[in-house]
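Visitor: Got a structure for you, questions after.
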Amino acid sequence: MGKKLALICVALLLFLKAFPQTTLHEECTVNKKITVVEDLLNHIQEQTGVSFSYNSQLIDPYKKITLQAGTYTIEKVLHHIFDRQGIEFILKGEQIILVPATFSTTPVSLEGIIKDSSSLLPLTGVIVSFPEIRQTVVTNNEGHFSVLLRPGPQSIRFSLLGYETSERNILITSDTSLTVSLNVKDYKLEEVLVQDHLQRNPVRDLKTGNERLNIKHVESMPAMFGEADILKSLQMLPGIQSAGEGLSGLLVRGGSADQTLVMLNNATIYSPAHFLGFFSVFNPDAIEDVEIYKGGVPARWGGRLSSIINNNMKTGNSEKFSMQGGIGLISSRLSVEGPLLKNKASFLLSGRRTYFDLLMKAVPDNQVQATTLYFYDLNGAVYYQPDKKNKFSLYSYSGDDVARFYDFIKVKWGNRIISGEWLHSFNSRLLLSSSFHYSQYQYGFQINLEDEVDYEWSSKLKEHTLRLDLDYNLNNKNQLNFGYNASRRVFYPVYYRLEENNTSFGNIMLDEKNVLEHALYIQNEHQITKRLSFLYGLRYSFFHNMGPGRVFKYTEGLEKRIETISDTVYFSTNEIYNTYHGAEPRITGNYSLTDNSAFKFSYNRMQQFTQVASTATASLPQDRWIPSDIYLKPQTGDQWSMGYFRNLPQNSIDFSAELYYKVMQNQIDFKDGITLVGNVTDQNADVHLNNALETQLLSGKAWSYGTELMVRKNKGSFTGWISYTYSRTRRQIKGINNGKVYSPRYDRPHDLSIVGSYKFNKRLEVAGNWVYTSGSAVTLPEGKYTFEGKQFPYYNPEFRNNHRLPDYHRLDLSLTLHNRKNDERRWKSNWTFSLYNTYMRKNPLFIQFIEVINNDPNIDENEVDQIYTKDLKGVKIYFSLIPAISYNFRF
Amino acid sequence: MKKLLKSVIWSVFLASIQACGISVLDVELPDGTPKLVVEGSISNLDNPHTILLSRSTSFEQSSSQYVDDAVIIISGSGGEQDTLLNKGGGRYESLIKGIPGTTYQLDILLDGNHYQAFSTMPKPPTLDSLSISYHSESLVREEGYYLSLHTLDPEEREGYYRWIVWKNDTLHRVDGIPGFFATLDMNKENNKILNLQYPTPFRAGDTLRVHTIKMDKQVYTYYLGLYELMINDGGLIGPIPVNPETNISGDALGVFQAVSILEKEIIIK
């Protein structure tokens, strides 16, 4: 009888295996040999194939049980045995899990740290997903994630581009902590990855207009002079343009370069470029990744209209020492990182120096040899994590550009940054970050020529900032983020002194300006339904002008000019004489259409209280930063955007399309005809020497709109992306262009970037970029005339920037040869060859209208034998092909 | 192999530092309507004053277009008036006596258009002396004899000046423009003694005829705009190019200036 039943059982089981939901109703036979829990469970397992899972501290496997022999459904058996013990069971596929009956639905926390299995460094941006409950979180800069879950079994998947995906099944009964190691993916030809450029699921991420660019990708792109550059790589993303050939200033969604806040670990960098803007100040060896917000800016950020860029420094290896660096044609770099206290503290020290001048000493020309031209960057960081709840970080940056011609002309400009941060986790739900930041930017210029000329100019800007940011996990549908930040800035007087032939031409100290900008913010990331989530928040900003300082009063009804100043009012130290304040709402919504596609929209309002008074489109070292004041209202910007995002399966290809519209108020521009420097001096008109800039500035509005499309391939031996943006930017300022609408120089409707790289095998990879943009908007002359024997161009005052330069396009290529004779050796190195502007297109950078001799702009009037023609012509200055070589290593 | 690598690196470096180039801009330039260009001055010196009229042209044309069919009248605030005589080649002459302190009005009638300008002739400059000093070749200057001007207008509060030099009877140009400009702002306390040096050196034996010219602020502003045009880079770093601010109404280019001149000669021994 028993045997037959058993056979039927087995048959039934085989038949029913396809229908796991009826597992509990499967029947089994129990005989007298089963006396303890363990036996019973094993017996059921043998008979039915169902397995059991339980916490052995909870359920004693050797507990005696009494059960009458017979045939029962599994469900009945389990109820019989466990109900008394206050144990329930949960079915999961072919598995039955035994849990305490007091198993409530109170969420418990699951947190963890995910590390790289070989370097043991924490991994940022790992996607931790819970497929059954359709929830996803992402690890932060410390490799840490935290989520609230209902107790019970969970399958968790950990994925990160470049690493093998890891899966775990765990049973969560109480607050749990995990450490997970991910292995770097092997280089198999079919699945090779060259860059990890997006470490998040773009579909799931709540924020629109948000990118995270990893340094590995930046390093694999060919670059000017062979120098990998973060800011220039960002220019390959949709919606982000450069001011011009090779220049680092970023123009995001129609905003000017000073509307982008560039930070290093939350500290502002006012002049993020070296060499007049051809290189950024970020040494790629010291940087982990870059976050950029073009729209949908979270409430914790503010102060600029168009975008926020935060460069995050590497966190240093707390397990073992490592070193990396490179030697290139015009610069070299070296980084060292390692533990200070094993597993608790680490440090990072990174330096870079260019040596244009050392190489110029090889050129056989005295003047060239006497020129010093270099810049350096020095980054340092120290991390200390005494326990799981606290982490301390200290960052510093120092960098200068130095140009010297013998001892007579000296120019020096640079940034200094010091930041300190304390991360404190009160419990698994509440995290506090307190930080202070000091940022200094200075620029100085000196000429000393014996008795003849003695000229000095210098200016400085200092900023002290305090930030308090709290992350509070209210419940598993609401993540709050709130805090306060305050910045005190001093714009130091410009000091200017000129003496020529013992005659003094001026000794000016411009007014010191003091301001305080602070803001409170709160936002909530709200998962409303499985498909719909919202990020809504409010930032409220305050701005004060304070003494010591003075304000000019002008005669009512008259245009503000030096001549119409009627009075001067003085303010004492810390006396507040002007305040602005305003609300900045931020809203983003995300609706998941499917698991792999989403629709997002956002609205945000930004305010900007500091800007550059400059005629230039590019960011320059001599940019004059000025604060808002009584006559200069703060800039405000409203941006609406919406987008569609889609991932193809396994994150191999993603696609995005975004639309935006932006309106900006109180945009400044200079009255026409401002003279900066010439053969003559007119101090009133000179931007750099003017205490009453309100007499030279006009303000109005600007607006921009565009469509951004991007397709990205993330896997395979060939990876890369194509990004295309169509956008327009317009301005309208009364008093400029006769009050008519005009384009700023960077209004370039088409912007296409194709970025790709191909890995042939373990040793050889090739990468390339092709960029194509519409020509810049420029003002061209309508004709020429002769005045006092010299030819000049003439312009139509109503056609400001009405014409376009030829379209810009350029191809860059690079080839990297890895020295990998032995994979096991610690010393890894490669040679990189790159070509900038491979087909040598002569894209105009500067244009001038000058008298050209014999149709050749290279001819100097004083050095030519015969002058056949001397005509006024347009000439362009361009960058030709620039090749570069570098040797890079990692230890 | 090492030698090959070394030469590759060296040629790459050499190529890198020659990274910039200059060539003619290949862009179609718009064609505007030709404009009247006015050049010329009235001064306190005795020679006839000349106004030169021409027209702007498109970029393709090589030669200037002179205007000989205009009617030009100069009148002074003291009541004097003169209709200028056309001498051909766009030149119009007047023998009216230029008196410092007078405001002069220029009227041009051409093709039914009326152009007008005003300029006030300042008091003549007073100059302490001119001197010549020799400097040998140094890093920032060429070798030669440099002309210096000492103590200009010690009583004046403000002034706008230009220096024009004829070297051996040939008009000397600096960057294509005759002469050199400077302002004097006595409101700055340290400006008691002024020493200005002419930027280009001369040779031994040169005869220099020096005109120290004083003009009004509007004319000076015009020349500032002209210099700005000469260094303009198309708007990438500097401002967007604009025409110099003229004192002539009616959409004309150029400037009308009433200036006072002090003439001095010096021979380099």
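Visitor: How high is the relative contact order of region A:744-788, in percent, with contacts defined as C-alpha pairs under 8 Å that are six or more residues apart? It would help to have the intermediate numbers written out before the result.
Guide: Details: 49 pairs, mean separation 19.1, N = 45.
In percent, rounded to a whole number, it is 42.
Visitor: If you take every residue apart from A:M642 with its C-beta less than 12 Å away from the C-beta of A:M642, what net charge results, scoring Lys and Arg +1 and Asp and Glu -1?
Guide: Every neighbour counted, the sum reads -1.
Visitor: Oh, and also: Just the accessible area for A:H79, please: 1.4 Å probe, Å², rounded to the nearest 10?
Guide: Counting only protein heavy atoms, A:H79 exposes about 80 Å² to solvent.
Visitor: What is the set of long-range amide H partners of A:F89 at a cut-off below 5 Å, with H atoms built 1.01 Å from backbone N?
Guide: Correct list: A:V99.
Visitor: Okay, next question. Assuming a strict under-18 Å limit between Cα atoms, what lysine pair count do you get for chain B once near-sequence pairs (fewer than 8 apart, same chain) are dropped?
Guide: 9
Visitor: How many Å² of accessible surface get buried when A and B come together, counting both sides, probe radius 1.4 Å, rounded to the nearest 100?
Guide: 7400
Visitor: Right, next: Leaving ligands, DNA and RNA out of it, work out the accessible area of A:V336 with a 1.4 Å probe and give it in Å² to the nearest 10.
Guide: Here the residue's solvent-accessible area equals roughly 50 Å².
Visitor: Taking region A:366-421, which trypsin sites (Lys or Arg not before Pro) meet the DSSP loop condition and have no more than 16 other C-beta atoms within 10 Å?
Guide: Loop-located and lightly packed - A:K388, A:K389.
Visitor: Mind checking region B:55-96 for GluC sites (Glu not before Pro) that DSSP puts in a loop (not H, G, I, E or B) and that have at most 13 other Cβ atoms within 10 Å?
Guide: Taking region B:55-96 and a limit of 13 other Cβ atoms within 10 Å, the loop GluC sites (Glu not before Pro) found are B:E60.
Visitor: So what is the relative contact order for chain B, in percent, with contacts set as C-alpha pairs under 8 Å and at least six apart?
Guide: 19
Visitor: Going through region A:800-891, which trypsin sites (Lys or Arg not before Pro) have at most 13 other Cβ atoms within 10 Å and a DSSP loop state? Write down the numbers at each step before the final one.
Guide: Working: sites: A:R800, A:R804, A:R810, A:R820, A:K821, A:R825, A:R826, A:K828, A:R841, A:K842, A:K870, A:K873, A:K876, A:R890; in loops: A:R800, A:R820, A:K821, A:R825, A:R826, A:R841, A:K842.
Taking region A:800-891 and a limit of 13 other Cβ atoms within 10 Å, the loop trypsin sites (Lys or Arg not before Pro) found are A:K821, A:R825, A:R826.
Visitor: So how exposed is A:Y839, as accessible area in Å² (1.4 Å probe, rounded to 10)?
Guide: 100
Visitor: Could you order A:F849, A:F601 by accessible surface area, starting with the largest, using a probe radius of 1.4 Å?
Guide: A:F601, A:F849
Visitor: Here is a further query. Sort chain B into rounded, prolate or oblate with this rule: let a ≥ b ≥ c be the square roots of the eigenvalues of the Cα gyration tensor; rounded if a/c is under 1.5, and if a/c is not under 1.5, prolate when a/b is larger than b/c, oblate otherwise.
Guide: oblate
Visitor: Where a ≥ b ≥ c are the square roots of the eigenvalues of the C-alpha gyration tensor, would you call region B:226-266 rounded, which needs a/c under 1.5, or, failing that, prolate if a/b is larger than b/c, or oblate?
Guide: Details: a/c = 5.02, a/b = 1.56, b/c = 3.22.
Because a/c hits 1.5 or more and a/b fails to exceed b/c, region B:226-266 counts as oblate.
Visitor: Also, I was wondering about something else. Using a 1.4 angstrom probe on the protein heavy atoms only, could you order A:M323, A:M313 from most to least accessible area?
Guide: A:M323, A:M313
Visitor: A follow-up question, please. Students sometimes get this wrong: rank A:I87, A:I722 by accessible area, probe 1.4 Å, all chains present, largest first.
Guide: Ranked from most to least accessible, the order is A:I722, A:I87.
Visitor: Using θ = phi - 60° and the Karplus form 6.51 cos²θ - 1.76 cosθ + 1.60, what ³J(HN,Hα) does each residue of region B:170-183 get, whole Hz, x for Gly and Pro?
Guide: These are the phi-based 3J(HN,Hα) values: 10, 5, 8, 10, 10, 6, x, 9, x, x, 8, 10, 7, 10 Hz.
Visitor: If r is the Cβ-Cβ distance from B:L85 to B:L262 and R0 is 30 Å, what FRET efficiency results, to the nearest 0.05?
Guide: Calculated value: 0.65.
Visitor: Extending each Cα 7 Å along its Cβ direction at B:R203 and A:H424, get the distance between those two points in nm, one decimal.
Guide: The two pseudo-label positions are separated by 8.2 nm.
Visitor: Once neighbouring chains are kept in place and the probe is 1.4 Å, which whole percent of the accessible area of the protein assembly as shown is contributed by carbon and sulfur?
Guide: 54
Visitor: Something else about it: Tally Lys and Arg at +1 and Asp and Glu at -1 over the other residues with C-beta under 15 Å from the C-beta of A:D377: what net charge comes out? Walk me through the intermediate numbers first.
Guide: Details: positive: A:K314, A:R333, A:R352, A:R353, A:K412, A:R416; negative: A:E227, A:D229, A:D285, A:D400, A:D401.
My count for the surroundings of A:D377 gives +1.
Visitor: Compute the signed sum of charges (Lys and Arg +1, Asp and Glu -1) over the other residues within less than 10 Å, Cβ to Cβ, of A:E708.
Guide: 0
Visitor: Extension gain A:Y472-A:T71, at 0.36 nm per residue separation less the Cα-Cα distance, in nm?
Guide: Details: separation 401, 0.36 × 401 = 144.36 nm, distance 5.27 nm.
Gain on extension, A:Y472 to A:T71, equals 139.1 nm.
Visitor: Rounded, prolate or oblate: which fits the protein assembly as shown, taking a ≥ b ≥ c as square roots of the Cα gyration tensor eigenvalues, rounded meaning a/c under 1.5, else prolate when a/b beats b/c?
Guide: Prolate.
The values are calculated or read from the model by the stated rules, or taken from the named source; none is laboratory data. Quick caveat, the model's predicted, so the values are computed rather than measured. Because the Cβ atoms are built from the backbone with ideal geometry, glycine has one as well, and the counts that use them run over all protein chains shown. With ligands, DNA and RNA removed, areas are computed over all heavy atoms of the protein, side chains included. Shrake-Rupley method; radii C 1.70, N 1.55, O 1.52, S 1.80 Å.
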